[in-house]
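Quick note: the coordinates plus some simple rules give every number you see, no bench work behind them. Remember, it's a predicted structure, so these values are computed and weren't measured experimentally. Virtual Cβ from ideal backbone geometry, glycine too; neighbours counted across all protein chains shown.
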Amino acid sequence: MAWDFETDPEFEQQLEWMRSFIDSELIPLEPILRDISAAEWQPVKVHLQSQVKERGLWGAFLDPKLGGPGFGQLKLALMSEIIGRCMMSMTIFGVQAPDSGNMELLAHGATDAQKERWLWPNLRGEISSAFALTEPFLAGSDPTVIGTTAVQDGDEWVIEGHKWFITNASVADIILVLAETNPEGRPHKHASILIVPAGTPGMEIVRDIGTMAHPDVEYGRPGNHAELVFRDCRVPADHMIGAPGDGFVLAQQRLGGGRIHHAMRWLGQAQRSLDIMCERAVSRTSHGKLLAQHQMVQDYVALSHTEIQAARLLTFQTAWKMDKYGANKVRADLGMVKAHVSKVVLAVLDRTIQVCGALGYSSDLPVEEWYRGTRFGPIGDGPDELHKSVLARTILKGYSPVEGWPTEHIPSRRAAAEEKWRELRVAAGVR
Ligand SMILES: Cc1cc2nc3c(=O)[nH]c(=O)nc-3n(C[C@H](O)[C@H](O)[C@H](O)COP(=O)(O)OP(=O)(O)OC[C@H]3O[C@@H](n4cnc5c(N)ncnc54)[C@H](O)[C@@H]3O)c2cc1C
């Protein structure tokens, strides 16, 4: 019987290396990270990435047949939990969203020539990518309806449209744009993915949008979210990934894995936040007692720990199911994990702010920034309401309606119970 909560010793050593590498090389940089210039950061980033590559831990989300090390989703979950303790680790370990999802999409849909041109350089970290689905004037939750179009003109596709909230679009080398090419194929065979290289005439990066995470956004920083307009933007025919009409399905493939990958990282952020809460609770006194001795604070600690542990098990088990049955078979579970863990991490961050009082609210601690940054969780990659709705519909498919009283109606079950009792008495020889 296989029912094991331990990691194999060799992989545990890799995890141990990751913990100490992130603790000693990355976390210490956090207080000055935003002050470091892009030019200075570049060689240091490459130096750090090369250590991860030497260790065989780079780009861990991709299967070997897709060009990655092939750890599978469960091992990726264990790694991502560690990476999530310090979000800049994503870049250093080559699992940075949106690149990771884009690479999965290219791995599934691109031709060999397209892989040579865009996937492998993206995987090696030589180029970066963005993914443009969401639009300002149509609900991003429902990509069966999109306003951006692409029309073939000779050996070119001509893109017209308006996108927004496109992460990294202002710094990416390529943008994967979802555009409608086959209106007759609505709702699921209507759109295609086109690669638009940075600087293509007709693609205007209007601005980087101010957000909760970065209200005073500085244009052109990685992690920003851009607004884009396409006017007579032309790309060669070979810039389409997959066949015309494949875009929706390719995008779903990309987003499915991305949802649980967010959750895996949030586990690490939640735990680091709880560490901050607990340290404060055992360090500060109010009304003659340590904060840790006040029962309501104990409730915050116990609840946060319990929620994190439950979220870990749910995430790890779903990752295991992905490895065993494939992502498509557990699509509803992936949305469930994202919807659940996004709530858990925000709740833990919120309690940490509360227990740390004014200090927690201040930017002297990292928690308020993490809270603002992670608040996108219940919205991004499809709002949680949608995932819960998909989950509920999947569950409900297993049930059939009954006429009259419910199956469990006690008075209706009485006759069958008496009959069963008669049988058992006879079988047991009771007179
Ligand atoms: C930080 C961040 C980064 C992002 N990066 C990208 C990116 O790189 N590329 C990209 O294309 N997009 C990106 N997005 C956009 C993201 O995918 C969308 O915000 C998301 O899919 C929701 O779409 P919307 O914002 O248009 O909200 P809407 O679709 O307008 O929905 C608004 C709200 O309506 C409710 N709602 C909608 N549908 C349902 C339903 N079926 N049932 C119940 N309630 C519902 C929910 O409360 C939802 O939050 C990003 C968003 C954020 C916040």
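Relative contact order of the stretch 188-325: what whole-number percent is it, with Cα pairs under 8 angstrom and at least 6 residues apart?
23
Fully extended, how many nm does the chain gain between Arg413 and Thr7 (0.36 nm per residue separation, minus their Cα-Cα distance)?
So the chain would gain 141.4 nm between Arg413 and Thr7.
Which value in Å does the Kirkwood hydrodynamic radius of the stretch 1-127 take, with 1/r averaged over all unlike C-alpha pairs and then inverted?
One decimal place: 15.6 Å for the Kirkwood radius.
Could you pull the Rg and Dmax for the stretch 287-431, using just the Cα atoms, both in Å?
Using the Cα atoms of the stretch 287-431, the pair Rg, Dmax is 24.3, 79 Å.
Just add up the charged neighbours of Leu291: K/R +1, D/E -1, any other residue whose Cβ is under 9 Å from the Cβ of Leu291.
+3
By counting other Cβ atoms within 10 Å of each Cβ, how are Cys356, Cys278 ranked from fewest to most?
In increasing order of surrounding Cβ atoms, one gets Cys278, Cys356.
For the stretch 231-282, what ratio Rg/Rh do Cα atoms give with a Kirkwood hydrodynamic radius?
1.39
Using the alpha-carbon centroid of each, what span in Å lies between the stretch 83-98 and the stretch 1-77?
The two parts, judged by their Cα centres, are 8 Å apart.
Taking the convex hull of the Cα atoms, report for the stretch 212-369 its projected area averaged over all directions, in nm².
Over every viewing direction, the Cα hull of the stretch 212-369 projects on average to 13.2 nm².
For Arg425 and Trp320, calculate 0.36 nm times their separation in residues minus their Cα-Cα distance, and state this gained length in nm to one decimal.
So the extension gain works out to 33.2 nm.
Mind checking which of Glu418, Glu81, Glu156 has the largest fluctuation in a GNM of the chain, springs on alpha carbons under 10 Å?
The residue with the greatest mean-square fluctuation here is Glu418.
Springs between alpha-carbon atoms under 10 Å, Gaussian network over the chain: tell me which of Arg393, Arg280, Arg207 tops the mean-square fluctuations.
Of the options given, Arg393 has the highest mean-square fluctuation.
Looking only at Gly247, Gly373, Gly109, which one moves most when the chain is put into a Gaussian network model with springs between Cα atoms under 10 Å?
It is Gly373.
Return the subset of Lys163/Lys324; Lys115/Lys343; Lys65/Lys329 for which the Cα-Cα distance in this structure is over 30 Å, preserving the input order.
Too far apart for the 30 Å limit: Lys163/Lys324; Lys115/Lys343.
Going by how many other Cβ atoms sit within 10 Å of their own, how do Phe248, Phe11 line up, fewest first?
Phe11, Phe248
Take each of the peptides 166-178, 311-323, 112-124, average the number of other beta-carbon atoms within 10 Å over its residues, and list them starting from the highest.
Ranked by mean Cβ neighbours within 10 Å, highest first: 166-178, 311-323, 112-124.
Quick one: Debye curve from the C-alpha atoms of the stretch 41-186, no solvent, what's log10 I(q)/I(0) at q = 0.13, 0.14, 0.17 Å⁻¹?
Log10 of I(q)/I(0), two decimals: -0.68, -0.77, -1.04.
Within 10 Å of each residue's Cβ, count the other Cβ atoms and sort Asp381, Asp350 from fewest upward.
Fewest-to-most Cβ neighbours within 10 Å comes out as Asp350, Asp381.
Starting from one equal scatterer on each C-alpha and no solvent at all, send me the Debye-based log10 I(q)/I(0) for the chain at q = 0.08, 0.10 Å⁻¹, two decimals.
-0.52, -0.77
Could you compute the net charge surrounding Asn182? Neighbours are other residues with a C-beta less than 11 Å from the C-beta of Asn182; K and R count +1, D and E count -1.
-1
Counting each DSSP H run of 4 or more residues in the chain as -39500 (n - 2.57), what helix-only mean residue ellipticity at 222 nm follows after dividing by all residues, to the nearest 500 deg cm²/dmol?
Calculated from helices alone, the mean residue ellipticity at 222 nm is -15000 deg cm²/dmol.
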